[in-house]
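Following: one structure in structure tokens, then a few remarks.
The values are calculated or read from the model by the stated rules, or taken from the named source; none is laboratory data. All of these numbers come straight from a predicted model, not from anything done at the bench. FYI the Cβ positions are ideal-geometry reconstructions off the backbone, even for glycines, and counts take in every protein chain you see. Heavy atoms of the whole protein, side chains included, go into the accessibility calculation; ligands, DNA and RNA do not. Shrake-Rupley method; radii C 1.70, N 1.55, O 1.52, S 1.80 Å.
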Amino acid sequence: MFLVPSLVLNIVFDDIHKLHSDPSGRHPENPWRLEYALSALRDSSAWSHITIHNTPEAKVDLLKLIHDEDYIRLIERESRLGFHYIDNDTYVAEHTFNVAARFTTAAYDSSIRSLENRELWLIMPRPGGHHAGRSGWAMGAPTLGFCIFNYAAMAAKSLLDRGLRVLIIDFDAHHGNGTQDIFWYEPRVLHFDIHEEDIYPGTGYVDDIGGESAEGSKINVPLPAYSGDQQYMWVIERVLKPLIESFRPDAIVVSAGFDAHVGDPLTLLRATEKTYEAIGGLLRDLWVEGRIKALVSNLEGGYGEGLRRGFTSYIEALLGIRRYSGGIEPREPPDRILGELRKILSKYWGIGV
Ligand SMILES: [Zn+2]
């Protein structure tokens, strides 16, 4: 079936991202990533449905909505010292503070424009954001995992403060520990996170369900290494869709990382374009049917082929240019994950799997 696209996607892309870089070029999180992802989009049929926007001036005060003042000042001070590592994984450069603050401001502004003007938005920031917690290092993780400020959390917080119940979908291969930390005690933010088991940051177990008064609002689905489309389809159909029916979010914020793609060198997950088509298509349906009032995606990780093939699949599905056409037999995760997941979904959401 040929689907006629009728949507426009507003993308925040800004060459200032190049100011955050490792001069040696050895770090996997480098400017090449965004050039690669954008060139794939330019070559795709999505391109004529995309409007590119630069970042706004940084509104530094907004950062306090999601990060402690001490952490914000720390990043500002460290950036002034020029390029160096602030932990074993994460570097800052002279302009990092301003670059990350501008993309965080873009996430805030985009969420409001999505809500007020009924526009679709996607931010392409560097570095990623979902490992940055309220005071930086989150939930006992050893490092910031390349991240500085948390764009997805900023978009979610801005929508939450406008009275909306927000679903965060994080399908980056790594657990979004920073985002989960920021909303740990917030029951109006349902955070659904699918990631590879037992890799960095070492958080996101099935029984991590949220803090006091927010139990059940954090749903973690860790998948074993070598899981692929079959397990993703099972989780989308049997966990994510029922959660959406049960929670009925007013808005959705996506942490869209593409390092679970089979072509990514950093993880052992094996998702293909079909997984990203299925997620993009699900979000498109919710948007087109008017079931959500705002939809903002943030690019997170992706260090290889996923940035080209996964990213464009997601966007084309979001725009309705392509659609998951079936053919993958869903397969449930192993019992050690499924057993606990079953209990949590049943207890907090009345979902039987
Ligand atoms: Zn990642």
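Is it the case, given these coordinates, that LEU269 is more than 20 Å from MET124 (Cβ to Cβ), open to solvent by less than 10 Å² (accessible area, probe 1.4 Å), within 13 Å of the ligand (Cβ to nearest atom) and under 18 Å from the mean Cα position of the chain (by Cα)?
yes
Return the residues of region 245-259 that are farther than 17 Å from CYS147 by Cβ and either within 12 Å of the ligand (Cβ to nearest atom) or outside any helix (DSSP H, G or I) (or both); say none if nothing qualifies. Step through it out loud before you land on a result.
Residues of region 245-259 farther than 17 Å from CYS147 by Cβ: 245-252.
Those that are farther than 17 Å from CYS147 by Cβ and either within 12 Å of the ligand (Cβ to nearest atom) or outside any helix (DSSP H, G or I) (or both): ARG248, PRO249, ASP250, ALA251, ILE252.
When you look at LEU268, is it farther than 22 Å from ALA132 by Cα, of a type outside the set (Val, Ile, Thr) and without any contact (Cβ under 8 Å) to a residue 60 or more places away in the chain, yes or no?
no
In the set THR90, THR104, THR96, which member is of a type in the set (Val, Ile, Thr) and in contact with a Cys (Cβ under 8 Å, 6 or more places away or on another chain)? Break it down into steps so the answer makes sense when it comes.
Values: THR104 fails: in contact with a Cys (Cβ under 8 Å, 6 or more places away or on another chain); THR96 fails: in contact with a Cys (Cβ under 8 Å, 6 or more places away or on another chain).
After ruling out the rest, the residue left standing is THR90.
Filter region 79-90 for residues that are closer than 14 Å to CYS147 by Cα, of a type outside the set (A, V, I, L, M, F, W, C) and surrounded by 12 or more Cβ atoms within 10 Å (Cβ to Cβ) and give the result.
If the condition is that a residue be closer than 14 Å to CYS147 by Cα, of a type outside the set (A, V, I, L, M, F, W, C) and surrounded by 12 or more Cβ atoms within 10 Å (Cβ to Cβ), then SER79, TYR85, ASP87, ASP89, THR90 are the ones that fit.
Return the only residue of TYR314, TYR324, TYR303 being within 16 Å of the ligand (Cβ to nearest atom) and either at pLDDT below 95 or in a loop (DSSP other than H, G, I, E, B) (or both).
TYR303
Please count how many residues of region 113-122 are assigned to a helix (DSSP H, G or I) and open to solvent by 30 Å² or more (accessible area, probe 1.4 Å).
4
Any residue at all in region 282-294 that is assigned to a strand (DSSP E or B), within 16 Å of the ligand (Cβ to nearest atom), open to solvent by less than 10 Å² (accessible area, probe 1.4 Å) and modelled with pLDDT of 95 or more?
First, the residues of region 282-294 that are assigned to a strand (DSSP E or B): 294.
Among the residues that remain, those that are also within 16 Å of the ligand (Cβ to nearest atom) are: none.
Checked against the condition, which is being assigned to a strand (DSSP E or B), within 16 Å of the ligand (Cβ to nearest atom), open to solvent by less than 10 Å² (accessible area, probe 1.4 Å) and modelled with pLDDT of 95 or more, region 282-294 yields no hits at all.
Which residues, counting only those in region 333-353, are among the aromatic types (Phe, Trp, Tyr) and open to solvent by 70 Å² or more (accessible area, probe 1.4 Å)?
TYR348
Given the conditions (1) without any contact (Cβ under 8 Å) to a residue 24 or more places away in the chain; (2) in contact with a strand residue (DSSP E or B) (Cβ under 7 Å, 6 or more places away or on another chain), report the number of the one that GLU245 does not fulfil.
So GLU245 meets the others, but not (2).
List the number of the failed condition for SER21; all other conditions in (1) more than 15 Å from SER313 (Cα to Cα); (2) part of a helix (DSSP H, G or I); (3) open to solvent by less than 40 Å² (accessible area, probe 1.4 Å) hold.
All conditions pass for SER21, except number (2).
Among helices (runs of 4 or more DSSP H) lying entirely in region 125-244, which contain 3 or more residues that are within 16 Å of the ligand (Cβ to nearest atom)?
Those helices (runs of 4 or more DSSP H) span 151-160, 177-182.
Could you tell me whether any residue of region 17-35 is within 19 Å of the chain's Cα centre (by Cα) and basic (Lys, Arg)?
yes
For region 29-52, which positions are assigned to a loop (DSSP other than H, G, I, E, B) and surrounded by fewer than 16 Cβ atoms within 10 Å (Cβ to Cβ)?
ASP43, SER45
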